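Q: Take a look at this one; I'll ask things after.
The values are calculated or read from the model by the stated rules, or taken from the named source; none is laboratory data. Being a predicted model, the structure only gives us computed values, none of them experimental. Note: ideal-geometry Cβ built from the backbone for every residue, glycine included; neighbour counts use all protein chains shown.
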Amino acid sequence: MDAFLASPIGVLAITVAQTLALLVPLLIGVAYMTLAERKVMAAMQMRKGPNVVGPFGLLQPFADALKMLLKETIIPAGASRALFILGPMLTLVLALIAWAVIPVNDGWAIADINVGVLYLLAISSLGVYGIVIAGWASNSKYAFLGALRSAAQMVSYEVSMGLVIVTVLLCVGSLNLTEIVRAQSTVWFAIPLFPMFIIFFVSTLAETNRPPFDLAEGESELVAGFMVEYSSMTYALFFLGEYANMILMSAMTTILFLGGWLPPFDIAPFNWVPGPIWFILKICLCLFTFVWVRATFPRYRYDQLMRLGWKIFLPFSLGWLILTAFVLKIMGWLPA
Amino acid sequence: MIAALAFYVFAAILIASAVMVVTSRNPVHSVLFLILAFFNASALFLLAGAEFLAMILVIVYVGAVAVLFLFIVMMLDIDFSRLREGFQRYAPIGAVIGAILFLELLFVFGSWQFAPEANSLRMNAAPETGISNTAALGQLIYTDYIFLFQVAGLILLVAMIGAIVLTLRDKPANSRRQDIAVQVARGEAVTLTAVPPRKGLAELGIVRRPLPAPPKPKAIHGHGHDDHGHGHDNHGHDDKHGGGHH
């Protein structure tokens, strides 16, 4: 048995099993995230939300998925066929492959690589291609405008996100995600780096094109933005990609600022709970905030969005980065 | 064995997509193939053990530069028939220039000599020193060669300021400016108040002030007083005129 596990086929089999063990719960999580969002928003707006399919509407995601599967896929006549299909596929694939480096517990990452943070940043910076390709290939002016907006928006917010991540890395001294979580065993970075935490969270809202920054699909002016021409499974892929991205960004926030799998206090009732449960609970907290923001805030105007990214977040995070470096150097807290 | 196989797959895709960049008819497809080429190059970096460079290549080139590139190419309105118009006429000149460049490259590579120990270092980016690639690069750039690094930064700064100076135009004096704080401020006009029936706001002691007037555009010539007086004069004159008519 050991000889089999050490052989290339055995390694491959283990990797496939690990991937499935991560992806299946993730996709179920994505399905129930759509239901949770509708239920939470309904509660905030004093409605009931979906409650017909199954007990408490619990089978609603599967009914939706089945409906999407059975609809006809329409490809517009003037569209660039290959790219039109590639766009949604790229969006979902990128949202899923980023999970390869996420540590769910101490040592529970499929690939515990040296440059985990850079990998996450690289994958999230690729996310814009799915949208741009979809918008261009649709050959429709609404889709194209949505794609342009989204491209400019994601590139802008990536800059301040990068600076926030650098600030965290200064306090850790490693690019490895497991090391980042271990460095928070005394105090979560959300406390000493509180303003960075807020900036990072708002940037993740912009990065996932979620309200109040969902200008790429603003119904009131662009119908549905880059998704106008999509139907059936191609639309479902976008939908899944968006929610998988939300969960991914929440996982990133959890790892960088909320102490990953660590319990809030390392004392008796808290450290009985296993690490993955804490990790999932923290992700749920972030996701709830995503929905809360959506139910609360009106959409930003595009110039306000750009101003917030370039004129407020960028200088502030740069200043805070320099301040952090100074404090760490003067107090001698720099990690070796 | 698997590493060698992966190398040949990535290298083959890299070369094929690089060829497609120059041969594909649609410029957007060209840019997308360029992105695929970048991506495979970063995979080759990974295979060589340079994981930091691989990730930086994806973040900087694929994630930022190529997005802007794609952005511009998508918005250009390119007329393909005009692009190919003089192809036959200019082909000989292009061929001559290409041949000269190719010969130069041949001469350069013909006299290229490898150090005797170079062969052992090929595909071996991270010597076994126990420090990671990222730390080693940081040591080199920020400690050993910090002054050269700073000079490179200054040169980029000068280029940036130059670009800004070239595109900066004086704003016309009467252009209106946005004051975001005024725009998003919550004034009394939008507060929600429970108003007692048949009594109105005055009973609660609330007097609705008018919204603050938007800032007036600056006068171009700067003698607003004269204009003001003149306006009053006109007004009086009109009144008199109107009375006479009746």
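Q: Quick one: which residue in A:SER124, A:SER160, A:SER150 is buried (at least 24 other Cβ atoms within 10 Å of the Cβ), part of a helix (DSSP H, G or I), modelled with pLDDT under 90 and away from every other protein chain (no Cβ under 12 Å)?
A: Details: A:SER124 fails: away from every other protein chain (no Cβ under 12 Å); A:SER150 fails: away from every other protein chain (no Cβ under 12 Å).
Step by step, each of A:SER124, A:SER160, A:SER150 is checked, and only A:SER160 is buried (at least 24 other Cβ atoms within 10 Å of the Cβ), part of a helix (DSSP H, G or I), modelled with pLDDT under 90 and away from every other protein chain (no Cβ under 12 Å).
Q: Now, a different point. Can you name the helices (runs of 4 or more DSSP H) wholly within segment B:16-107 that have at least 1 residues being away from chain A (no Cβ under 14 Å)?
A: Values: elements: B:27-47, B:51-56, B:66-75, B:80-83.
Once the helices (runs of 4 or more DSSP H) in segment B:16-107 are filtered for at least 1 residues that are away from chain A (no Cβ under 14 Å), what remains is B:27-47, B:80-83.
Q: Please work out which residue is nearest to the chain's Cα centre (by Cα), limiting yourself to segment A:290-303 and to residues that are assigned to a helix (DSSP H, G or I) and buried (at least 16 other Cβ atoms within 10 Å of the Cβ).
A: Restricting to residues being assigned to a helix (DSSP H, G or I) and buried (at least 16 other Cβ atoms within 10 Å of the Cβ), the top hit is A:PHE290.
Yes/no per residue for (1) aromatic (Phe, Trp, Tyr); (2) assigned to a helix (DSSP H, G or I):
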{"residue": "A:LEU237", "(1), (2)": "no, yes"}
{"residue": "A:LEU240", "(1), (2)": "no, yes"}
{"residue": "A:ALA251", "(1), (2)": "no, yes"}
{"residue": "A:THR254", "(1), (2)": "no, yes"}
{"residue": "A:PRO264", "(1), (2)": "no, no"}
{"residue": "A:ILE283", "(1), (2)": "no, yes"}
{"residue": "A:PHE326", "(1), (2)": "yes, yes"}
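Q: In segment B:16-31, which residues are of a type outside the set (Ser, Thr, Tyr) and in contact (Cβ under 8 Å) with a residue 12 or more places away in the chain?
A: B:ALA18, B:MET20, B:VAL21, B:ARG25, B:PRO27, B:VAL28, B:VAL31
Q: Among the residues of segment A:313-323, is there at least one that is loosely packed, with under 13 Cβ neighbours inside 10 Å and within 14 Å of another protein chain (Cβ to nearest Cβ)?
A: Within segment A:313-323 (the criterion being loosely packed, with under 13 Cβ neighbours inside 10 Å and within 14 Å of another protein chain (Cβ to nearest Cβ)), the answer is no, since none of the residues qualifies.
Q: Suppose we filter A:ALA109, A:ALA95 for residues that are touching a residue at least 60 places away in the same chain (Cβ under 8 Å), more than 14 Å from chain B (Cβ to nearest Cβ) and within 30 Å of B:ASN26 (Cα to Cα); which single one remains?
A: Being touching a residue at least 60 places away in the same chain (Cβ under 8 Å), more than 14 Å from chain B (Cβ to nearest Cβ) and within 30 Å of B:ASN26 (Cα to Cα) holds for just one of A:ALA109, A:ALA95, which is A:ALA95.
Q: Can you name the condition, by its number, that A:SER174 falls short on among (1) crowded, with 20+ Cβ neighbours inside 10 Å; (2) assigned to a loop (DSSP other than H, G, I, E, B)?
A: Just one mismatch for A:SER174, condition (1).
Q: Residues A:ILE198, A:ILE165: which one is out of contact with any helix residue (DSSP H, G or I) (no Cβ under 7 Å at 6 or more places or on another chain) and of a type outside the set (Lys, Arg)?
A: A:ILE198
Q: Please go through segment A:180-195 and give me each residue that is touching a helix residue (DSSP H, G or I) at 6+ places or on another chain (Cβ under 7 Å) and either surrounded by fewer than 18 Cβ atoms within 10 Å (Cβ to Cβ) or part of a loop (DSSP other than H, G, I, E, B) (or both), ordered by number.
A: Residues satisfying the conditions are A:ALA183, A:TRP188, A:PHE189, A:ALA190, A:LEU193, A:PRO195.
Q: Same structure again: Determine which single condition A:ASN139 fails, assuming it passes every other condition in (1) more than 8 Å from every other protein chain (Cβ to nearest Cβ); (2) assigned to a helix (DSSP H, G or I).
A: Single failed check for A:ASN139: (2).
Q: Across segment A:163-200, which residue is nearest to the other protein chains (Cβ to nearest Cβ) among those that are of a type in the set (Phe, Trp, Tyr) and closer than 28 Å to B:GLU51 by Cβ?
A: A:PHE200
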